[in-house]
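Participant: I am attaching a structure below and will ask some questions about it afterwards.
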Amino acid sequence: MKLASLKGGRDGRLVVVSNDLAWCADASSIAPTLQAALDNWDDLEPLLRGLAESLEHGAVPRERFHEHDAASPLPRAYQWADGSAYVNHVALVRKARAADMPASFWTDPLMYQGGSDGFLGPRDPIPLVDEAWGCDLEAEVAVVTGDVPMGASRDQALASIRLVMLSNDVSLRNLIPGEIAKNFGFFQSKPASSFSPVAVTPDALGEAWKDGKLHGRVEVELNNQPLGQADAGVDMTFDFGTLIAHAAKTRALSAGSIIGSGTVSNRGADGGPGKSVQDGGAGYSCLAELRTVEALAQGAPKTPFLKAGDKVRIEMRDARRHSIFGAIEQEVAPA
């Protein structure tokens, strides 16, 4: 089952989307918003699935689904906690700022709490006040949970996953070192993120969802040129069950909590940082990784961070090259 929120009001209007992303059916008679559906998932999920099946058979009123009309599936959420499941990414970005990486990073997930009171839509511009802040994209996978009890096991955490989606976790790289130096975490360096037009139930992903991981290439383009094609199921040190259990160690998570994977990142075939797509590698899901590799190879990075007018696209396709979640497609705009 695929769900989306069409723009309107703070929390959007819930629709069920066809598997090919061509059509949608209004779900407001079941739940006005996705959060309302998540709050009463056990009772409402069967009704939503029934509507989805009727939509596939053309048995209910439908309208064309246009991705530019979609907000992020949850336009705002009770919680947005982003991990760093791809330790290769952590190693590279820390190397970029000459910071050592403790061995514990391979056994204990990193996680920060981001702003969740308002997300950008998947086709909304990325507002940027100052290009000197070093604006970067970060292509990620994210899941939406039901209620998760405090101290949940990995298996309990996996069972709590209701939906899967993609994310662009925007970062202001040049603000990060100063905030990290305060030993109090990110804040100003993490502005509003965006999510894919459509959120998908794990069962609808088939073999692409396995062992708490989404398998498949996350295709990232910058200004219509390929930047990354990393496989989200490869080199993911911590699966989503582990990430959710980590978040719930000392607190319960409410239905509608979003947990992110961190930037999808693959090592090279030789175990190194990998190559660009143009050189036959999996490329990079953020500019910070590319700039680090450039610095290692050439002594200094040559690729600039995002500037006004730059266009970012993030998408995942199935074996038949059909879009699974729709595309995050955003242009950087002066704020």
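Participant: Please state the shape class of segment 107-263: rounded when a/c is under 1.5, otherwise prolate if a/b exceeds b/c and oblate if not, all from the C-alpha gyration tensor. Working shown, then result.
Facilitator: Details: a/c = 1.77, a/b = 1.26, b/c = 1.41.
Oblate, because a/c is 1.5 or more while a/b does not exceed b/c.
Participant: Right, another one. To make sure I understand the rule: partners must be aspartates and glutamates, Cα under 14 Å from the Cα of Lys213, and not fewer than 8 residues away in the same chain. Which ones qualify?
Facilitator: Glu140, Asp155, Asp203, Asp231, Asp235, Asp239
Participant: Averaging sequence separations of C-alpha pairs under 8 Å and six or more residues apart, then dividing by the length of segment 7-134, give the relative contact order as a whole percent.
Facilitator: Values: 152 pairs, mean separation 31.6, N = 128.
Computed over segment 7-134, the figure is 25 percent.
Participant: What are the ³J(HN,Hα) values, in whole Hz, obtained from phi via the Karplus relation 6.51 cos²θ - 1.76 cosθ + 1.60 with θ = phi - 60°, for each residue of segment 180-194 in sequence order, with x given for Gly and Pro?
Facilitator: For segment 180-194, the Karplus curve yields 4, 5, 7, 6, 9, x, 6, 7, 5, 7, 10, x, 5, 9, 10 Hz.
Participant: Find how much the distance from Ala252 to Glu131 grows on full extension, using 0.36 nm per residue of separation minus their present alpha carbon separation; answer in nm with one decimal.
Facilitator: Details: separation 121, 0.36 × 121 = 43.56 nm, distance 3.83 nm.
Taking 0.36 nm per residue and subtracting the Cα distance, the gain is 39.7 nm.
Participant: For an R0 of 45 angstrom, estimate the FRET efficiency from the Cβ-Cβ distance between Arg64 and Gln278 and round to the nearest 0.05. Don't skip to the answer; put the middle values down first.
Facilitator: Details: r = 36 Å, r/R0 = 0.80.
In this case the efficiency is close to 0.80.
Participant: Would you work out if segment 1-118 is rounded, prolate or oblate? Take a ≥ b ≥ c from the square roots of the eigenvalues of the alpha-carbon gyration tensor; rounded if a/c is under 1.5, else prolate when a/b is larger than b/c, oblate otherwise.
Facilitator: Values: a/c = 2.63, a/b = 2.51, b/c = 1.05.
Prolate is the answer for segment 1-118, as a/c is 1.5 or above and a/b outweighs b/c.
Participant: From largest accessible area down, sort Leu51, Leu296; use a 1.4 Å probe on the protein chains.
Facilitator: Putting Leu51, Leu296 in descending order of accessible area: Leu296, Leu51.
Participant: Additional query: Under 5 Å between amide hydrogens, which residues at least 5 positions from Ile126 or on another chain qualify, with H placed 1.01 Å from N in the peptide plane?
Facilitator: So Ile126 has HN proximity to Glu331, Val332, Ala333.
Participant: Now, a different point. Could you order Phe186, Phe105 by accessible surface area, starting with the largest, using a probe radius of 1.4 Å? Provide the component values of the computation, followed by the final result.
Facilitator: Numbers: Phe186 65, Phe105 35 Å².
Sorted descending by solvent-accessible area, the residues read Phe186, Phe105.
Participant: Ok, one more. Please list, ordered by chain and number, the residues whose modelled amide H lies under 5 Å from the amide H of Arg162; skip anything fewer than 5 residues away on the same chain.
Facilitator: Val144, Thr145, Gly146
Participant: Still on this model: Under unit Cβ charges (Lys, Arg +1; Asp, Glu -1), what dipole magnitude, rounded to 20 debye, does segment 185-335 have relative to its Cα centre? Mind dumping the intermediate values first?
Facilitator: On the way: 16 positive and 17 negative charges, 61 e Å.
That gives a dipole near 300 debye.
Participant: Near the amide H of Leu227, under 5 Å away, which other amide H atoms are found, from residues 5 or more places off or on another chain, if H is placed in the peptide plane?
Facilitator: Answer set, sorted by chain and number: Val220, Glu221, Leu222.
Participant: Accessible area, 1.4 Å probe, largest first: how do Phe184, Phe238 sort? It would help to have the intermediate numbers written out before the result.
Facilitator: Values: Phe184 185, Phe238 10 Å².
If we order Phe184, Phe238 from most to least accessible, we get Phe184, Phe238.
Participant: For segment 14-29, what does the Karplus curve 6.51 cos²θ - 1.76 cosθ + 1.60, with θ = phi - 60°, yield as ³J(HN,Hα) per residue in whole Hz, taken in order and with x for Gly and Pro?
Facilitator: Here the 3J(HN,Hα) series is 6, 9, 8, 10, 5, 4, 8, 6, 8, 10, 9, 10, 4, 10, 5, 6 Hz.
Participant: Here's another thing I want to ask about it. Just going by the charge dipole of segment 2-58, with Lys and Arg at +1 and Asp and Glu at -1 on Cβ, which of Gly12, Ser29, Leu55 is farthest out on the positive end?
Facilitator: The residue sitting farthest along the positive end of the dipole is Gly12.
Participant: Taking K and R as +1 and D and E as -1, what net charge do the other residues with C-beta under 11 Å from the C-beta of Ser265 add up to?
Facilitator: On the way: positive: Arg267; negative: Glu138, Glu140, Asp231, Asp235, Glu289.
The answer is -4.
Participant: Suppose the chain between Ala181 and Arg317 were pulled fully straight at 0.36 nm per residue; how much longer would it get relative to their current alpha carbon spacing?
Facilitator: On the way: separation 136, 0.36 × 136 = 48.96 nm, distance 3.94 nm.
Stretched out fully, the Ala181 to Arg317 stretch lengthens by 45.0 nm.
Participant: How much of the accessible area of the chain, in percent, comes from carbon and sulfur atoms when a 1.4 Å probe is used? Working shown, then result.
Facilitator: Details: 7160 of 14510 Å².
It is 49 percent, rounded to a whole number.
Participant: Take each of the peptides 314-323, 217-226, average the number of other beta-carbon atoms within 10 Å over its residues, and list them starting from the highest.
Facilitator: 217-226, 314-323
Participant: A further question follows. Relative to the present Cα-Cα distance, how much length would full extension add between Gln188 and Tyr78 at 0.36 nm per residue of separation?
Facilitator: 37.7 nm
Participant: Quick one: what are the phi-derived ³J(HN,Hα) couplings along segment 275-284, Karplus 6.51/-1.76/1.60 with θ = phi - 60°, whole Hz, x for glycine and proline?
Facilitator: Using θ = phi - 60°, the values come out as 10, 5, 4, 4, 9, x, x, 7, x, 9 Hz.
Participant: Of the listed values (1) 19.1, 61; (2) 21.4, 72; (3) 19.2, 54, identify the label whose number matches Rg and Dmax of the Cα atoms in Å calculated from this model.
Facilitator: After the calculation, the listed value that fits is (1).
The values are calculated or read from the model by the stated rules, or taken from the named source; none is laboratory data. Worth saying up front: this structure is predicted, and the values here are computed from it rather than measured. Positions of Cβ are generated from backbone atoms using ideal geometry, with glycine treated the same way; all protein chains shown enter the neighbour counts. We work out accessible area using only protein heavy atoms, side chains counted, and drop any ligands, DNA or RNA first. Shrake-Rupley method; radii C 1.70, N 1.55, O 1.52, S 1.80 Å.
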